[in-house]
1. Excluding same-chain residues fewer than 8 positions from residue 304, which lysines have a Cα within less than 17 Å of its Cα?
2. Using Cα atoms only, what is the angle between the long axis of helix 62-74 and the major principal axis of the chain, expressed in degrees (0 to 90) to the nearest 10?
3. By how many degrees, between 0 and 90 and to the nearest 10, does the Cα long axis of helix 220-231 differ from the longest principal axis of the chain?
4. Take the alpha carbon atoms of the stretch 214-265, find their center, do the same for the stretch 1-78, and report the distance between the two centers in whole angstrom.
5. Would you mind working out the magnitude of the charge dipole of the chain relative to its Cα centre, with +1 at each Lys and Arg C-beta and -1 at each Asp and Glu C-beta, to the nearest 20 Debye?
6. Using the alpha-carbon atoms, what tilt in degrees (0 to 90, nearest 10) does helix 299-308 show relative to the longest principal axis of the chain?
7. If each DSSP helix of 4+ residues adds -39,500 (n - 2.57) and the sum is divided by the residues in the chain, what number results at 222 nm, nearest 500 deg cm²/dmol?
8. Given the peptides 35-41, 146-152, arrange them by the average over their residues of other C-beta atoms within 10 Å, most packed first.
Amino acid sequence: MAVYTEVPDDQMAAFVARYGIGDLLSAKGIAEGVENSNYLLRTTQGSYILTLYEKRVDPAELPFFLGLMEHLAGRGLICPVPLRDRDGAQLGRLAGRPAALVTFLDGLSVRRPGAAHCAEVGRGLALLHQAGADFAMRRVNALSVPGWRPLAEQAGAQADNVSPGLAARVMAEIERHERGWPQGLPGGVIHADLFPNNVFFIKEKLSGLIDFYFACNDAYAYDLAICLNSWCFESDFSFNLTKGQAMLAGYESVRRLEPAEVAALPELCRGSALRFLLTRLVDWLNVPPGALVKPHDPLEYDRKLAFHQRVSDAREYGLRR
């Protein structure tokens, strides 16, 4: 979440009035993340999240994201529910941007997750995969292997200004995955961005999953690899085996990984580290002037990638078989 687009008060109030949720009392920009502009709204009837979709999001794909959240909530997953305006539309337009309102979830994201949090995330991820299994719409993962080379080319030689030799390291990884990315794994709808800031807890109990704007169809184990990368490393970039064990056990308490998924997990972890290294690198080099946003450090994922390059067996992530 972030704020790129400022919205005049009168336009904000007029937009909210279309949804029958009371009068607007306050609107506060949320300065986290790097993708869309987000506001916490309070009205006379409750609290809501307003999202204005910025240039990286294709407006044609918004019905997928909003429809998915509505579908998952209908299957019992705790996630935001898109509101419909007086004409029944989930999507509107505000300050020159496509915009939507969703329900507000109680809870806090954790800055320093423990093993109990990781177990909850693993279980919640598997429940998401199950709940989305019969969602009819499909979306290709534009940030999978075919999308990595264009990102590297966009960064170009500037990558070496972030870290000497980074451009060559990135290209070597891309070429590796273009030759041998795992194929034919079980898959369906995945979240694809389930970082700690996209999960809410009340104490150590998961209370909601948010920010589905990278959701797509891909391998379930790839989604799990993204979570191992984002939840199970310490501040010194060492992998916490206890957290990995908890996350994998939580996932398998709902859905057991197939042998092919287990075999592919090291490669999927390595590839998912590369994916976030690349998108963070491009964002780091291209922050819009005046944006109320702090870009994430791409070198965090360069260091995580170095760990995965030494892993050859899923047991090194804590899988117990």
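1. Residue 304 reaches 243.
2. On a 0 to 90 degree scale, this one is about 90.
3. 90 degrees
4. Centre-to-centre (Cα) distance: 30 Å.
5. 520 debye
6. Result, in degrees: 40.
7. The helix contribution divided over the chain gives -13000 deg cm²/dmol.
8. Going from most to least packed, we get 35-41, 146-152.
Every number here is computed from the coordinates shown, using simple stated rules; none is lab data. Note that this is a predicted model, so its numbers are computed, not measured. Here Cβ is always computed from backbone atoms with ideal geometry, including for glycine, and neighbour counts include all displayed protein chains.
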